[in-house]
Every structure is written in C-alpha cells, then in structure tokens.
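All remarks here apply to the structure that follows.
The values are calculated or read from the model by the stated rules, or taken from the named source; none is laboratory data. These numbers come from a predicted model, not from an experiment. Note: ideal-geometry Cβ built from the backbone for every residue, glycine included; neighbour counts use all protein chains shown. Surface areas here come from the heavy atoms of the whole protein model, side chains and all, with no ligands, DNA or RNA. Shrake-Rupley method; radii C 1.70, N 1.55, O 1.52, S 1.80 Å.
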Amino acid sequence: MSLVEVILLALGLSMDAFAVSVCKGLAIPKINFKTMAVCGLWFGGFQFLMPMIGYLLGAGFTGYITSITPWIAFVLLSLIGGNMIKESLSKKEEKANDSLGVKIMFTMAIATSIDALAVGVTFACVDVNISSMLGDFLNTTIASIIIGITTFIISCIGVKIGNIFGLKYKNKAELAGGIILICLGIKILLEHFNII
C-alpha cells in the first residue's frame with residue numbers, strides 16, 4: 001500500500017467521524033476552535049490508535065494465513081465500505097447531542113474508529129510501503145499517524161460545516177468514504193492476481 005493509497009484510506013475512514021462531527025456542529029450553537037479541536041482530537045486520536053492495535057493483533061497470525069491475506073484485506077475493506085454506504089442511504093436520523101463530555105466523546109470515538117481496527121488487521125496482511133527504508137512497524141505507524149491527522153482535520157471541518165449548513169453533506173461523505181474503501185479492497189485483490 002503506497003502513500004497515496006494510505007491517504008485515500010485515511011479519507012475513507014475519516015468519513016464516519018466527519019458525519020458525527022457534522023451532527024456535533026449542528027447541535028452546538030456557538031462553535032470556536034476549541035470545540036472543533038476537542039472533536040478532532042477525540043476522533044483523530046482513536047483513528048490513530050485503532051489501526052495500531054489492529055496491526056499488532058493481526059501481525060501475530062499473518063504468518064499462518066499468508067496465502068489468503070489479500071482476500072482478508074478485500075473482505076474487511078468491502079464490509080466496512082458496504083456498511084458506510086448502507087448508513088449513508090439510511091433514512092434514520094441521528095440524534096444531535098451537544099455534549100463534549102468524556103463519556104459521550106469516548107463512546108463516539110470508539111464507534112467511529114472500530115473500522116480502523118479492522119484496517120489495522122489489513123495492514124498486517126498487506127505490505128504498507130510509505131518508505132522502503134522503514135520496516136513494517138514504522139510504515140504502519142506512519143500510516144496510522146496519517147489516518148489520525150486526516151481524521152483530526154476532517155472532524156474539525158465537519159463541526160464547522162454542521163454548524164453552518166446542517167446535515168446537508170453528512171450522507172454524501174459517508175457514501176464517498178464507503179466507495180473509496182471498497183475500491184481499495186478491490187485494488188489489493190487485483191494486485192494479488194497481478195491484474196494491475
């Protein structure tokens with residue numbers, strides 16, 4: 001997985017956090033940088049942490065399943081992407097909550113980063129190659145940092161957009177994120193079969 005693919009993956013993964021941030025921005029009457037940064041740090045921090053945990057869990061068993069690791073990556077990314085697409089098409093309205101308390105933010109950060117845990121397992125199954133001078137662990141760490149920073153920025157933007165425009169872009173962002181993840185899964189599979 002190259003740097004460009006990691007950035008696309010980061011954008012796809014950050015769309016759940018973006019959608020929740022839009023809802024936060026909608027619920028909070030007055031937005032300032034601190035409000036945006038609190039959301040960004042919660043969501044970005046967990047989006048960094050979860051792939052690392054997933055990688056460490058997945059690295060323990062990839063040696064046993066090397067022949068099917070591209071399929072695992074494809075299935076995980078497709079399931080996550082499919083779920084995001086399904087949520088984007090759902091008519092169910094999310095309840096806006098203006099609380100930035102630890103209990104609420106922790107719960108939302110976990111909920112929006114579970115897919116990043118699965119992506120961390122994917123990192124253990126595919127070659128993350130941001131720099132050929134670095135080993136697997138450092139490449140995965142840099143990829144996780146990129147995901148965290150991207151999510152931080154996207155979440156801050158989401159809070160502001162939610163405050164200004166409401167829910168107009170929430171579903172479109174989730175749909176785009178789902179499509180990106182499915183396309184990355186397909187690309188991994190096609191590379192495995194030397195089609196691309």
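Observations on the model:
- Of all residues in region 184-196, those being buried (at least 18 other Cβ atoms within 10 Å of the Cβ) and out of contact with any Pro (no Cβ under 8 Å at 6 or more places or on another chain) number 3.
- When restricted to residues that are free of Cβ contacts under 8 Å to residues at least 24 places away in the same chain and open to solvent by less than 10 Å² (accessible area, probe 1.4 Å), region 131-141 contains 1.
- With respect to the conditions (1) modelled with pLDDT under 90; (2) among the hydroxyl-bearing types (S, T, Y); (3) crowded, with 17+ Cβ neighbours inside 10 Å, T151 falls short on a single one, namely (1).
- Test: residue in region 117-125 that is β-branched (V, I, T) and either farther than 15 Å from I53 by Cβ or open to solvent by 50 Å² or more (accessible area, probe 1.4 Å) (or both): no
- Condition broken by A17, with the remaining ones in (1) touching a Phe, Trp or Tyr at 6+ places or on another chain (Cβ under 6 Å); (2) of a type outside the set (D, E, K, R); (3) modelled with pLDDT of 90 or more satisfied: (3)
- When the criteria are applied in full, L49 fails the requirement of being hydrophobic (A, V, I, L, M, F, W, C) and open to solvent by less than 30 Å² (accessible area, probe 1.4 Å).
- Verdict on A17 being out of contact with any strand residue (DSSP E or B) (no Cβ under 9 Å at 6 or more places or on another chain) and surrounded by 24 or more Cβ atoms within 10 Å (Cβ to Cβ): yes
- Region 20-46, subset at pLDDT 90 or above, more than 20 Å from the chain's Cα centre (by Cα) and not basic (K, R), residue surrounded by the most Cβ atoms within 10 Å (Cβ to Cβ): T35
- Residue selected from region 24-50 under the condition among the hydrophobic types (A, V, I, L, M, F, W, C) and in contact with a Lys or Arg (Cβ under 7 Å, 6 or more places away or on another chain), by the criterion farthest from G148 (Cα to Cα): I31
- When each of S113, S144 is tested for being surrounded by 23 or more Cβ atoms within 10 Å (Cβ to Cβ), at pLDDT 90 or above and either in contact with a helix residue (DSSP H, G or I) (Cβ under 8 Å, 6 or more places away or on another chain) or not small (G, A, S) (or both), the lone residue that passes is S144.
- For region 157-183, a residue qualifies if it is crowded, with 24+ Cβ neighbours inside 10 Å and at pLDDT 80 or above, and the qualifying residues are G158, V159, G162, G177, G178, L181.
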